[in-house]
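Data first, discussion second: the structure below is written as structure tokens.
The values are calculated or read from the model by the stated rules, or taken from the named source; none is laboratory data. Quantities reported herein were computed from a predicted structural model and do not represent experimental measurements. Every residue, glycine among them, receives a Cβ derived from its backbone with ideal geometry; neighbour counts consider all protein chains shown.
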Amino acid sequence: MLRTKKADKKALRALRVSADDSRRVKEIHNGLCDIVDQFNPQALAFEVYSPYGKQGGSAWKASRVEGGIQFFGLERGMLVLPFLPQDVKRAFCGKLNASKDDVIKAMTLKVENLEAMLKQWPKTQREHVADAAAHAYLAFEEMFRLRAMMGIQL
């Protein structure tokens, strides 16, 4: 899981906030490069959300990262598969208003050993790991559907 941290308060006093955001985007880019070099994935699935109605800079920051991730995947010839949180909830829980715990429970039924893996993460991070598993699962399902539509047998 790629994560970045905001600069500490002392550093932020000497920086523009957007400069720190750019540093964090670069960290994400470098992390993605390392993952691609190590695993050579053919597809890139990730979560996106609609920024409408959001206040402040969170929507702006998320849209910067989303666009960067899409360009990153396209530049490397990957199948790029952005999914909304509702896609995960509908696919695995059957309802759009499913809770984070509902998604975790559903994914532990789908992914072998996920429950044991989740225990290795702090409780505050487990929902993100389960979401990542859900997005990967959705990506595989989508790739299988695309292959079937094109008549490619597995």
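Conditions (1) more than 28 Å from Phe144 (Cα to Cα); (2) part of a helix (DSSP H, G or I), marked per residue:
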| site | (1), (2) |
| --- | --- |
| Lys5 | yes, no |
| Asp20 | yes, yes |
| Gly31 | no, yes |
| Gln38 | no, yes |
| Pro41 | no, no |
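Hey, can you tell me all the residues within region 103-149 that are of a type in the set (Gly, Ala, Ser) and in contact (Cβ under 8 Å) with a residue 40 or more places away in the chain? Passing the criteria: Ala132, Ala134, Ala136, Ala139.
Criterion first (in the same structural domain as Asp21 (by TED's automatic domain parsing), closer than 17 Å to Met1 by Cβ and at pLDDT below 90) does Ala62 satisfy it? Yes, satisfied.
The set of residues in region 70-83 that are of a type in the set (A, V, I, L, M, F, W, C) and under 22 Å from Val25 (Cβ atoms) comprises Phe71, Phe72, Leu74, Met78, Val80, Leu81, Phe83. Being over 14 Å from the mean Cα position of the chain (by Cα) and either among the polar types (S, T, N, Q) or part of a helix (DSSP H, G or I) (or both): is that true of Val103 here? So Val103 passes the test.
Checked against the criterion of being assigned to a helix (DSSP H, G or I) and more than 18 Å from the chain's Cα centre (by Cα), the candidates Arg126, Arg145 yield just one match: Arg145. Residue check: is Leu96 free of Cβ contacts under 8 Å to residues at least 60 places away in the same chain, not in a helix (DSSP H, G or I) and not charged (D, E, K, R)? Criteria met by Leu96.
To keep it simple, each residue is scored yes or no on (1) surrounded by 12 or more Cβ atoms within 10 Å (Cβ to Cβ); (2) closer than 29 Å to Arg23 by Cβ; (3) in the same structural domain as Leu44 (by TED's automatic domain parsing).
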{"site": "Gly94", "(1), (2), (3)": "no, no, no"}
{"site": "Asp102", "(1), (2), (3)": "yes, no, no"}
{"site": "Glu112", "(1), (2), (3)": "no, no, no"}
{"site": "Leu118", "(1), (2), (3)": "yes, no, no"}
{"site": "Trp121", "(1), (2), (3)": "yes, yes, no"}
{"site": "Met143", "(1), (2), (3)": "yes, no, no"}
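The C-beta contact set for region 71-86 (first residue in contact (Cβ under 8 Å) with a residue 60 or more places away in the chain, second residue surrounded by 15 or more Cβ atoms within 10 Å (Cβ to Cβ) and part of a helix (DSSP H, G or I), distance under 7 angstrom, 6+ apart or interchain) comprises Leu79/Met143; Leu81/Ala139; Leu81/Glu142. Just one residue in the set Ala45, Ala134, Ala106 is more than 22 Å from Arg3 (Cβ to Cβ), crowded, with 16+ Cβ neighbours inside 10 Å and of a type in the set (A, V, I, L, M, F, W, C); that residue is Ala106.
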